[in-house]
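Participant: Next up is a structure, given as structure tokens.
The values are calculated or read from the model by the stated rules, or taken from the named source; none is laboratory data. Keep in mind that what you see is a predicted model, and the values were worked out from it rather than measured. Backbone-built Cβ (ideal geometry, glycine too); neighbour counts: all protein chains shown. Heads up: the accessible areas ignore ligands, DNA and RNA and are worked out on the full protein's heavy atoms, side chains in. Shrake-Rupley method; radii C 1.70, N 1.55, O 1.52, S 1.80 Å.
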Amino acid sequence: MSYEQHIEDTLEHQESSELIPWYVNGSIGELDRQRIEAHLQTCAACREDVLLERHVYRSMAADAAVEYIPAASLKRLQARLDTLHAEASPRDAPALEQRSRGSMPWQGWLAASIAAMAVALSLLAAERWMQIHNRMSSPNYYTVTSPQARPPGEVIRAVFSPTLTLVELQAILGEAQLKIVSGPTEAGVYSLAANSSRPVSLSLSLLRQHTAVRFAEITQPNARSSVAP
Amino acid sequence: MALLAKHPPKGSDNELLLAIAAGDRRALEALYLGYHRRLARFLCRFTPRYENVEEIINDTFMAVWQRAKDFRGESQVSTWILAIAYRTALNSLRRQKNHAAAQSLAGCPEQAIDPMLETDVQDWLNRGLDRLPIEQRLTLELAYHMGYSLEEIAAITGSPVGTVKARMFHARQKLREYLPALGGAVAESARGGE
């Protein structure tokens, strides 16, 4: 085997030979370049390859004689883009239109909801205004002698101790011959009616004897029990 | 020798692509004009008909327009565009009837070109290149005309580095079969030129 043949059979030769095109076009890494150049010192076949490839490279790298004019091609590309855009737009437009049409009932419901909400808000505002108006026109507190909402038959209003049991309450009322017709209110006021012909003043006097009765007052001074004896 | 710039200013390409992603038609036109010549020269190796070259270029830029927002900057813009052009060209050829004819050219290497009958080495080379299978032809084109590195060609063609090396190896071998006298002529011209 000749020396040249031996060189060409080596892995180094094979690797270098494969990389010659990129050695020639100058894109190879520095390490590979050094390795190839070292190999070229000893390999005549690769040196010939490099000469041949350089020739091919120079021929191919040279500009073609034909000059391309891109303006006409670009116009055609622009026309395609316009078409693409136009195709996309009608597709979008009906979709939008359909979405728009499809949303009509929804928009109707929305409008109705808004109207309903507006009415509700108006009512709430009116109610609120009425509440404010009422508060302004009437005192914001309760009195046991308030004449409003007097239950029928009421003769006495009374406030009992909160610790009073129901049994004790019944005993007191039984003794005074009174009965509850309304209450207790938020202020703890009971409206009491006479359940006998006893004078109301006597019933009031009996109530006031009990320590559990905090307050007792006749609401109709001239009233007498309507209950038949 | 007027070797076309492999990589135009990176900033400008990236900026144009960003603008294209935002829907800027003027940026697309600028990129188109910047790449048309290189792509046309490259794609002429796929098909001799300029109408087809133009169609592939425009298909490529339609894809650029639609996919610009997907560009992640993992490669050079030029590599990305070339990769789109490469795939578009292959797909285009597969659709065309002459693809079979182009592929069958690989089966006629025995018909060597006599350089003595040619007046120009460039013509010999062009005829030899036309007889290579497309992938081999384009590997040569990407390396020698466009100046791409082994790794960049692998990225553009979506092939492993080993495959690119093998394509280049076979392309060179076949060129020598087609152009038996070229080696001697080159050697002579090289000696004369150095």
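Participant: Excluding ligands, DNA and RNA, what is the solvent-accessible area per residue of the stretch A:171-222 at a probe of 1.4 Å, expressed in Å²?
Facilitator: 52
Participant: Report the B-A buried area as the accessible area lost on both sides summed, probe 1.4 Å, in Å² to the nearest 100.
Facilitator: By this definition, chains B and A bury close to 4100 Å².
Participant: Moving on. How many nm separate the modelled label positions at A:T211 and A:A71, each set 7 Å beyond the Cα in the direction of the Cβ?
Facilitator: Using points 7 Å along Cα→Cβ, the separation is 11.9 nm.
Participant: Quick one: which bits of the stretch B:55-72 get at least 40 Å² less accessible when the partner protein chains are in, versus the chain alone, with a 1.4 Å probe?
Facilitator: Residues of the stretch B:55-72 that lose at least 40 Å² of accessible area once the other chains are added: B:N58, B:M62.
Participant: List the residues of the stretch B:149-169 for which accessible area in the full set of protein chains is at least 50 Å² lower than for the chain on its own; 1.4 Å probe, protein heavy atoms only.
Facilitator: Buried by the other chains: B:K165.
Participant: State, to one decimal in nm, how far the label point of A:E168 lies from the label point of A:S201, with both points 7 Å from Cα in the Cβ direction.
Facilitator: Taking the two extended label points, one gets 3.0 nm.
Participant: What distance in nm separates the simple spin-label points at A:A86 and A:S161, each placed 7 Å from Cα in the Cβ direction?
Facilitator: Taking the simple label geometry, A:A86 and A:S161 are separated by 10.0 nm.
Participant: Given a Förster distance of 60 angstrom, what is the FRET efficiency for A:Q78 paired with A:L31, based on the Cβ-Cβ distance and rounded to 0.05?
Facilitator: That gives a FRET efficiency of 0.80.
Participant: For A:R214, list long-range residues whose amide hydrogen, built 1.01 Å from N in the peptide plane, is under 5 Å from its own amide hydrogen.
Facilitator: Correct list: A:V159, A:F160, A:S161.
Participant: In addition: If you take the beta carbon distance between B:R95 and A:E48 as r and set R0 to 41 Å, what does 1/(1 + (r/R0)^6) give as a FRET efficiency, to the nearest 0.05?
Facilitator: E(calc), rounded to 0.05, equals 0.50.
Participant: Related question: Give the calculated FRET efficiency between B:A21 and B:A166 to the nearest 0.05, with a Förster radius of 30 Å applied to their Cβ-Cβ distance.
Facilitator: 0.25
Participant: Further question: How about the stretch A:20-38: which of its residues lose at least 40 Å² of accessible area in the presence of all protein chains relative to their chain isolated, using a 1.4 Å probe?
Facilitator: Buried-area filter returns A:P21, A:W22, A:N25, A:S27.
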